[in-house]
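Report on the structure given below.
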Amino acid sequence: MSRHKVFVTRPLPPVAEPLIKRLRQTCEVEIWPSMDDPAPTAEKIRSLDGLATYGHEPITDAMMASAPNLKVISNIGVGHDHIDSEAARRRGVAVGNTPGVLSGATADMTFALLLAGGRLLGPSSRYVRARQWRSYDPNLFWGCEVHHSTIGIVGMGRIGYEVAKRARGFDMKILYYKRNRREDWERELGMRYAPLNELLEASDFVTLHAPMSPETKEMIGAAELKRMKRTAVLVNAARGGIVDHAALHEALTSGEIAAAALDVTEPEPLPFDSPLIDLDNCFIAPHLGSATVETRLKMIEMALENLMAGLNGKPLPYSFLERT
Ligand code: DGY
């Protein structure tokens, strides 16, 4: 019997080697070796049985159309906006992702961003690094209080829920916005549903956790930023495209909001000449939400389980979409 052909779009870390070794027992596995040169996925896909996406490279209908043997696309990550899932469903290609496992790590990162934005950790650490800290100056870097402030969580899925749990530990008042209310979680966590505009107007910290979709594209634009408090901090740990970056730059430079802390941008990476990079009130991390040893390894493990299941024509253990 011929071995399944599998392609992984980016290098996997050495700690994942035992998992890859297991996959190689039954599959012919090619792992693209470069982070800098994008994988030639459109060309590779034509002869594949299984594809693992690591990163957010677009997988289009046309690419799937050119791949007669493709059985499964396994995304190492929860967000799947880069994969044309409807086309996959139509074509009978299973698509898997890694939900749940990264919610805790991403919520931790959200709080790291929230604290960094609120307590000015970006500019203050640059100040120390620049050898400007010559005497203790109690008038420097006054940030805003996190505890007992109001957090507005936009998108109340698994990650939003974890963020709300952490917010309780900081004695924050919690507002959330979601298309469908979660009254069970409202009761459990003592949080309140608010329409988006009300949430924007009332929150000291607005954190974004909605999936990227045509409905959420640039849902935070000039009008929404104007509604926020001038002292507010915007945190984005979801997808860069949810925020209009030109409007964000304007809001940060004109003082419409106090700060932003972003783990995601549009595009990624940000071009080196992006004006956001040099703003002292814009803290930017290079998409690290789920980047802990435990979580990333578990994500790879789940994705490889999905891959094996799909190759063997079985239902994927972790998926938002099943082959019909
Ligand atoms: C996710 O899981 O979607 C993260 O963005 C990492 O890819």
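The values are calculated or read from the model by the stated rules, or taken from the named source; none is laboratory data. On a predicted model such as this, the values are computed, not experimentally measured, just so you know. Glycine gets a Cβ as well: all are built from the backbone with ideal geometry, and neighbour counts include every protein chain shown. All accessible areas refer to the heavy atoms of the entire protein, side chains included, with ligands and DNA or RNA removed. Shrake-Rupley method; radii C 1.70, N 1.55, O 1.52, S 1.80 Å.
Numbers below:
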item: Stokes-Einstein D (µm²/s) once Rh is taken as the Kirkwood radius of region 202-243 over alpha-carbon pairs, at 4 °C in 1.567 mPa s; result: 122 µm²/s
item: Formal net charge of residues neighbouring Val29 (Cβ-Cβ distance under 14 Å; K, R +1; D, E -1); result: +3
item: Of all accessible heavy-atom area on the chain, the percent that carbon and sulfur account for (1.4 Å); result: 53 percent
item: Extent along principal axes [Cα atoms of region 187-324; Å; largest to smallest]; result: 56, 43, 29
item: Tilt relative to the chain, helix 158-169 - C-alpha long axis, 0 to 90 degrees, to 10; result: 30 degrees
item: All-pairs alpha carbon distance profile, the chain, 10 Å steps from 0, percent; result: 6, 25, 29, 22, 14, 4, 1, 0
item: Where Glu86, Glu301 fall by accessible area, highest first, once all protein chains stay in place (1.4 Å); result: Glu86, Glu301
item: Lysine pairs meeting the criterion (Cα under 24 Å, 8 or more apart or interchain), as found in the chain; result: 25
item: More than 16 angstrom apart: percent of Cα pairs within region 229-294; result: 42 percent
item: Stretchable slack from Leu288 to Ala246, in nm (0.36 nm times residue separation minus alpha-carbon distance); result: 12.8 nm
item: Cubic angstrom per residue, convex hull over Cα atoms of region 129-191; result: 118 Å³
item: Net length gained if the chain between Phe272 and Lys173 were fully extended (0.36 nm per residue, minus Cα distance); result: 31.9 nm
item: Per residue accessible area in Å² of the chain, where ligands, DNA and RNA are left out and the probe is 1.4 Å; result: 50 Å²
item: FRET efficiency for Trp133 and Lys226, using Cβ-Cβ distance with R0 set to 35 Å, rounded to 0.05; result: 0.45
